[in-house]
Amino acid sequence: PGMPAIEIVLPDNSGREIKLSSLKGKLVLVYFWSSWNALSRQTNINLTTLYTKYHSRGFEIYAVSVDSDADLWQKACLIDRAYWVNVIDAKGLASEFSKTYGVRELPDMILIAKDGTIIARQPEFNELEPLIKMNL
């Protein structure tokens, strides 16, 4: 916490590269997950409520899937109604982004302030809404 968020640039489902920094000015939850991870899939469903509630106030989710199968990833996004920014890192947990952010297990979350600094690393899900309210 307090350190600047390191840039992530990954493709969305249309192949267009999306920079994490393009969301500066919003409160951003960087969320590492996978379609094959049951806890990630449940977290998607839980995040939908927070996203719906706070998106119009400046909350965004930058979800990094570590799936190697893009079709499974895209289907999971649709089934889970994960309508936020979705990108894929087919290199999985061995990727430079996973290593940079210290991702060792899924799901993993980092909350980033509007100015691009890290607010919280691996917050518990029940801590997220109070953190979102405090920082919007």
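Among residues of the range 18-30 that are closer than 16 Å to Ala120 by Cα and surrounded by 17 or more Cβ atoms within 10 Å (Cβ to Cβ), those with a Cβ under 6 angstrom from a residue that is at pLDDT 95 or above and among the aromatic types (Phe, Trp, Tyr), sequence gap 6+ or separate chain, pair up as Leu27/Phe59; Val28/Tyr62; Val30/Tyr62.
Within the range 114-126, the set of residues being outside any loop (DSSP other than H, G, I, E, B), of a type outside the set (A, V, I, L, M, F, W, C) and at pLDDT below 95 comprises Arg121, Asn126. I need the full set of residues from the range 120-130 which are crowded, with 17+ Cβ neighbours inside 10 Å and more than 19 Å from Lys99 (Cα to Cα), in order please. Matches in the range 120-130: Leu128 only. Among the candidates Asp67, Asp108, the residue that is open to solvent by less than 20 Å² (accessible area, probe 1.4 Å), charged (D, E, K, R) and within 17 Å of Val9 (Cα to Cα) is uniquely Asp67.
The values are calculated or read from the model by the stated rules, or taken from the named source; none is laboratory data. Small disclaimer: the values here were computed from a predicted structure and weren't measured. Don't worry about glycine lacking a Cβ; one is built from the backbone with ideal geometry, like all the others, and counts go over all protein chains shown. Quick note on the areas: whole protein, heavy atoms, side chains included, nothing else; ligands and nucleic acids left out. Shrake-Rupley method; radii C 1.70, N 1.55, O 1.52, S 1.80 Å.
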